[in-house]
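Report on one structure; see the data block that follows.
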Amino acid sequence: MRILVTGSAGHLGEALMRTLKDGEHEPIGLDLLPSSYTDVVGSIADAELVQRCMKDVDVVLHTATLHKPHVGTHRRQEFVDTNVTGTLALLEAAKAAGVRAFIFTSTTSAFGDALTPPAGEPAAWITEDVASVPKNIYGVTKTAAEDLCELFHRKMGLPCLVLRTSRFFPEEDDDPETRETYTSDNAKVNELLYRRVDLADVVSAHLLAMNRAPALGFGRYIISATTPFGPSDLAELRANAPAVVARLYPDFAAEYERRGWSMFPSIDRVYVNERARRDLGWRPTYDFRFALDRLKAGEEPRSRIAREVGAKGYHRTTFEKGPYPVG
């Protein structure tokens, strides 16, 4: 199949291009930035360019976006131009070209303020049924783009699946307190319990989604490592997360002590990937158990493709208080 990959110079876009090039498909990379995996340099908001790129395309994997770290450096209109207008241009061209599947990479950040319960409340159990409460222009434009995908399916029959991915970036955390308290690897392995996913598993979810989209029609899916927690753990997770983890993983404390690591004292939300596993047949590999076993063996817990793609950063500018202009 001929597959258009937007955002081909980014983390996920490059990983998809690498994987598709190794298979039987013909990927076409589109990005504002030139790269080894970008075939066409240009904006997804350029409707004429998008129409040209859509020629003979069977599937669109739409990963291009302005991200949360851009909130402090880009105008709100730029978020609208890229995340909303760009998605609309792609959807219109995809429908006109008769593509068989349109996969939109969204974000668990779209849940916004629904992710953080009031103090003293249990951790939030986040499924696709939780209503989004966007807290910035990033969340607003991503949910708007999701709604456009749903509209194009409902009114025009375009098969569209929305994948709300959790964190998979290798860069340092965007929270200053987390950066100061935990090493980057420590924080990321902790997050595999409830809010992180490996790049390899994100790629596999996208490839499954593009094959399942014609049958499913439309759907929103949380793409995050499978959590070991259940609803009965939520109150204790908020009050004493290390105790819950120790009960489920009796071997974690010794390995963490050996490395000088620590578990987060509190966990405020848990992403649930059950629907993606059921509907897409998705079987993510890189969970906390996998990472802990690799660490105990002295091996790298991240996938090969995550290591190969590496860090890209979100800005060319160095900021006074860290890698991001916002906390």
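Could you work out Rg/(2.2 N^0.38 Å) for segment 169-280, with Rg from alpha carbons only?
Here the answer is 1.21, to two decimals.
Run the helix sum for the chain: -39,500 (n - 2.57) per DSSP H stretch of 4+ residues, divided by residue count, reported at 222 nm to the nearest 500 deg cm²/dmol. Display every interim value, and only then the final one.
Numbers: 13 runs with 131 residues, N = 327.
-12000 deg cm²/dmol, from helical runs alone.
Rounded to the nearest 10 degrees, what's the angle between the helix 137-156 long axis and the longest principal axis of the chain, both from Cα atoms, 0 to 90?
Tilt of helix 137-156: around 50 degrees.
Give the residue from Ser232, Ala93, Trp282 lying farthest towards the positive end of the charge dipole for the chain; charges sit on Cβ (+1 for Lys and Arg, -1 for Asp and Glu) and the dipole is referred to the Cα centre.
So the residue furthest toward the plus end is Ala93.
With a cut-off of at most 12 other beta carbons within 10 Å, and DSSP calling the residue loop, which GluC sites (Glu not before Pro) in segment 245-308 qualify? Please list them.
Taking segment 245-308 and a limit of 12 other Cβ atoms within 10 Å, the loop GluC sites (Glu not before Pro) found are Glu299.
Along the charge dipole of segment 153-245, which of Phe168, Asn186, Ala209 sits closest to the positive end, that is, farthest toward it, with unit charges on the beta carbon of Lys, Arg, Asp and Glu (+1, +1, -1, -1)?
Ala209
Arrange the peptides 3-13, 234-244, 80-90 so that the one whose residues have, on average, the most other Cβ atoms within 10 Å appears first.
Ranking the peptides 3-13, 234-244, 80-90 by packing returns 3-13, 80-90, 234-244.
Can you give the translational diffusion coefficient of segment 256-305 in µm²/s, computed by Stokes-Einstein from the Kirkwood radius over Cα pairs at 25 °C and 0.890 mPa s?
Taking Rh from Cα pairs, D becomes 183 µm²/s.
Give the separation of the Cα centroids, segment 7-30 to segment 270-310, in Å.
20
List the Cys residues of the chain that have no partner Cys with a C-beta closer than 4.7 Å.
Result for the chain is Cys53, no neighbouring Cys Cβ within the cutoff.
Among the GluC sites (Glu not before Pro) within segment 4-67, which fall in a DSSP loop and have no more than 15 other Cβ atoms within 10 Å of their own Cβ?
For GluC sites (Glu not before Pro) across segment 4-67 that sit outside H, G, I, E and B with at most 15 neighbouring Cβ atoms in 10 Å, the list reads Glu24.
Evaluate the charge dipole of the chain about its Cα centre and quote only its size in Debye, nearest 20, assuming +1 on the Cβ of each Lys and Arg and -1 on the Cβ of each Asp and Glu.
420
Once you've got the Cα coordinates, tell me which of Lys21/Lys155; Lys142/Lys188; Lys142/Lys296; Lys95/Lys142 are over 28 Å apart.
Lys21/Lys155; Lys142/Lys296
Note the angle between two axes, namely the Cα long axis of helix 199-216 and the longest principal axis of the Cα atoms of the chain, as a number of degrees from 0 to 90, rounded to the nearest 10.
50
DSSP beta bridges in the chain, what fraction antiparallel, as a percent rounded to 5?
Restricted to the chain, the bridges split so that about 5 percent are antiparallel.
Would you mind getting me the FRET efficiency between Leu216 and Val130? Use the beta-carbon distance for r and R0 = 25 Å, nearest 0.05. Provide the component values of the computation, followed by the final result.
Values: r = 20 Å, r/R0 = 0.81.
For R0 = 25 Å, the calculated efficiency reads 0.80.
Would you kindly compute the Cα radius of gyration of segment 2-309 and its largest Cα-Cα separation (Dmax), both in Å?
Final numbers for Rg and Dmax: 19.4, 58 Å.
Suppose each label sits 7 Å from its Cα in the direction of the beta carbon; what would the Asp147-Ala239 distance come out to in nanometres?
About 4.0 nm separates the two model spin labels.
Could you give the angle, 0 to 90 degrees to the nearest 10, between helix 11-21's Cα long axis and the longest principal axis of the Cα atoms of the chain?
That works out to roughly 60 degrees.
Using a 7 Å offset from the Cα along the Cα-to-Cβ direction at both Asp56 and Arg278, what is the distance between the two label points in nm, to one decimal?
About 4.1 nm, to one decimal.
Relative contact order (percent) for the chain, with alpha-carbon contacts under 8 angstrom and 6 or more residues of separation? Intermediate results must be reported in sequence, preceding the final value.
Details: 614 pairs, mean separation 60.3, N = 327.
Relative contact order comes out at 18 percent.
Computed from the coordinates by the stated procedures, all read-outs in this text should not be read as laboratory data. Everything quoted here is computed from the prediction, not taken from an experiment. All Cβ positions, even for glycine, are placed from backbone atoms using ideal geometry, and neighbour counts span all protein chains on display.
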